[in-house]
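Encoded as structure tokens, the structure appears first; notes follow it.
Here, each number is a calculation from the coordinates, and none is a lab measurement. Remember, predicted model here, so these are calculated numbers, not experimental data. Using ideal geometry, Cβ is built from the backbone for each residue, glycine included, and neighbour counts are taken over all protein chains shown.
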């Protein structure tokens, strides 16, 4: 758009023909920035939690919604304390976290070497990417019936669901992180006499490690979702199981309390991996 | 024979469209050669072939009579961007090639300390590359290449991204390195690619001018200036005469290249 087009019509007519209209004030444009001051950021972080909480409190206090559908925050807090005191919360938490450790751990053990190979070896990429790319789009939860037929309703099928849900995504994301290593760095390493295994271990791996941890962080969230899904279907312990039980007795306050716990644990996992990444990737800033 | 030889070297990335063709070049051991040429003349490809990173389509690259078949620590390479290992300290960067060579830790440490003192970065041994200026990073990259005591040091527009003053410092530094910093006591052969004709004439003992489409050696000019070259030599009549000669050759190649581009059917 030219300046004339941007101007209101009458301005053009009123303007002296020869010199053009004089600008009333200097127009300044501000660059697009993505940062705010530290204080503003903390204020916004608090609002991000407090505003939904306040809205929840307001809605349930208004009495327009049946407490059986939407319990008040205080009722949820009480239900949480009650479950914690009874010891069942700790036991369910331990069961769910144990499944995460086994399923997500196994998925990482498979996907990181696989993704690393895809990112470094010329033949591994065309060999693996089509298969992994297709498998990634099959929803893991659709495998639950099959997994139960294959592995029964015990721990194995739950761990397998986690592995299925995480392994393909993490493989492709690891391969992506590995491919970020600049070609020049690989070439220089070769001229310094480093063999290919040496370059893989001493150059590619350290360079890609922050990216690999980032991929794990994203997929840990998926694993945490899948463990609850697995426990909703067939389980005798775990947070997902506790939710289905609460549903049977219409204990929505308990369901809410468990959801809060799930959210907090997910956040804790995320923060832990963020800290690990910040430590490993100190050089990247 | 001792030194670097290219015999009938040709490179095609796309079959039938050579980037370099009929390149014959001999560089005596310990010589300093600068390769200049218009953009697209295949200067960097030439260097890549000496490094062993780019296999020639035809012809041979020989180092001390042995054919080059891949990269190795006898040919150190420095790019325009320093390409340091960002998670390794300066000292660990310089030590990388020595680790690959299997040098014991004590010997490694001694060689790294000596090199860092020589390049004036002893005080930054423990720093990460991200904290260094562009010139300092390039010094580390050169020290890292020199650590393996290469027979040939290949420099691919190493100062192209630096500001004028830093570039001047680095040019003096490279001259000094070539003359003095030799872990084994033997002066390395330096082959440097640049598009800066003043830099080429100031540094080299011989300047090779490449033509374009395809790249060929169009002229070799012996720089008949004294060994120790202070910066002021750039204002001497003799320097300016040689520089003008090189500049005219490169410009003529560039004009011819532009004319061919304009005439070529698209």
Ranking A:249, B:159 by Cβ neighbours within 10 Å, fewest first, what do you get? A:249, B:159
Just to confirm my numbers, what's the Cα centroid distance between the range A:162-188 and the range B:1-64 in Å? 35
Beta bridge orientation in the range B:3-263: antiparallel %, DSSP, nearest 5: 50
The range B:3-263: relative contact order as a whole-number percent, Cα under 8 Å and 6+ apart: 27
To the nearest 0.05, how large is the calculated FRET efficiency for residue A:143 and residue A:110 if R₀ is 22 Å and r is the Cβ-Cβ distance? 0.85
For the pair residue A:249 and residue B:2, how long in nm is the line joining their label points, each one 7 Å along Cα→Cβ? 9.2
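Need one value for B:80-89: mean number of C-beta atoms belonging to other chains within 10 Å of its residues' C-beta atoms.
For this peptide, the per-residue mean of nearby foreign Cβ atoms is 5.
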Label model pair residue B:260, residue A:136: point-to-point distance (7 angstrom along the Cα→beta-carbon line) in nm is 4.3
Range of Cα positions in the range A:157-260 per principal axis (Å), largest first: 70, 25, 15
If I take R0 = 45 Å and measure r between the Cβ atoms of residue A:280 and residue B:237 in this structure, what FRET efficiency does the formula 1/(1 + (r/R0)^6) give, to the nearest 0.05? 0.15
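With each run of n ≥ 4 DSSP H residues scored as -39500 (n - 2.57), what mean residue ellipticity at 222 nm is computed for chain B after dividing by its residue count and rounding to the nearest 500 deg cm²/dmol?
On the way: 7 runs with 100 residues, N = 266.
Rounded to the nearest 500, it is -12000 deg cm²/dmol.
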Range of Cα positions in the range B:21-169 per principal axis (Å), largest first: 47, 38, 26
With the cut-off at 1.5 for a/c, could you classify chain B from its C-alpha gyration tensor as rounded, prolate or oblate? prolate
If one takes the longest principal axis of the Cα atoms in chain B, at what angle in degrees, from 0 to 90 and to the nearest 10, does the Cα axis of helix B:237-263 lie? 60
Percent of alpha carbon pairs in chain A separated by more than 24 Å? 67
Note to self: Kirkwood Rh of the range B:139-226, Cα pairs, one decimal, Å, is 14.1
FRET efficiency for residue A:184 and residue B:67, using Cβ-Cβ distance with R0 set to 25 Å, rounded to 0.05: 0.50
Between the helical axis of B:134-147 and the dominant principal axis of chain B, each derived from Cα atoms, what acute angle in degrees is found, rounded to the nearest 10? 80
When the helices in chain A are scored as -39500 (n - 2.57) per DSSP H run of 4 or longer and the sum is shared across all residues, what 222 nm value do you end up with, to the nearest 500 deg cm²/dmol? -24000 deg cm²/dmol
Ellipsoid equivalent to the range A:115-185 - semi-axes via the Cα gyration tensor, in Å: 31, 11, 9
State the dimensionless ratio Rg/Rh of the range B:1-96 (Rg: radius of gyration of Cα atoms; Rh: Kirkwood radius). 1.01
Here the whole-number average of other chain Cβ atoms within 10 Å per Cβ of B:66-72 is 2
Would you please state the base-10 log of I(q)/I(0) at q = 0.10, 0.12, 0.16 1/Å for the range A:46-161, with intensities from the Debye formula using one equal scatterer on every alpha carbon? -0.62, -0.79, -0.96
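Which value, in Å to one decimal place, does the Kirkwood hydrodynamic radius take for the protein assembly as shown when every pair of different Cα atoms is included?
29.3
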Specify, per residue and in Å³, the volume enclosed by the convex hull of the alpha carbon atoms belonging to the range A:215-285. 78
Can you compute the modelled spin-label distance between residue A:46 and residue A:229, with each label point 7 Å from Cα toward Cβ, in nm? 3.8
Percent antiparallel among DSSP beta bridges confined to the protein assembly as shown, nearest 5, equals 50
Can you sort A:207, A:137 by how many other beta carbons sit within 10 Å, fewest first? A:137, A:207
Ranking B:11, B:167 by Cβ neighbours within 10 Å, fewest first, what do you get? B:167, B:11
Please compute the average number of Cβ atoms from other chains found within 10 Å of each residue's Cβ in peptide A:178-190. 5
